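We did not get these values from a lab; they are worked out from the coordinates using the rules stated. This structure is a prediction, so every number in the text was calculated from the model and none was measured. Using ideal geometry, Cβ is built from the backbone for each residue, glycine included, and neighbour counts are taken over all protein chains shown.
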Amino acid sequence: MSDPTMPRATRELADRRRALAPAAEEAFRGFSKAVFAEGALDKRTKQLIAVAVAHVTQCPWCIDGHVKAATREGASPEQIMEAIWVAAEMRAGAAYSHALKALDSLPAAAGTP
């Protein structure tokens, strides 16, 4: 992952983030641990959801981390790719459905449906 617009995730930057807001860092880590714990959804399913969401939010670190975590939880490459396709459909579907908002905002033109 080399993107000149984004800093490389390093231990130094992570330590600096933690030092600047240790309570928030601790709370976020606890929240994350609780979210990804076994529950009504198993850990593999939660990681597959995270892979899909990471693609919609376009977070390269999230993609990397959750693909690895999904793999550790037993997700196959096919399951990971299928989750990504679900994310792609949802993102495209949102653009498609929001066309109604654009159409509603357009002034009515003579002769158009």
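Rounded to the nearest 500, the 222 nm mean residue ellipticity of the chain from helices alone is -24000 deg cm²/dmol, with -39,500 (n - 2.57) taken per DSSP H run of at least 4 residues. Applying 1/(1 + (r/R0)^6) with R0 = 22 Å to the Cβ-Cβ distance of Val56 and Val35, what FRET efficiency is obtained, to the nearest 0.05? Efficiency, from the Cβ-Cβ distance: 0.85.
Contact order, relative form, for the chain: 20 percent (alpha carbon pairs under 8 Å, 6 or more residues apart, mean separation divided by residue count). Counting every C-alpha pair in the chain, the share spaced more than 17 angstrom apart comes to 69%. About the centre of its Cα atoms, the chain shows a dipole size close to 340 debye [charges on the beta carbon of Lys, Arg (+1) and Asp, Glu (-1) only; nearest 20 debye].
Between Glu78 and Ser97, full extension at 0.36 nm per residue minus the direct alpha carbon distance yields a gain of 4.0 nm. Fully extending the segment from Ala108 to Asp42, taken as 0.36 nm per residue of separation minus the present Cα-Cα distance, adds 18.7 nm.
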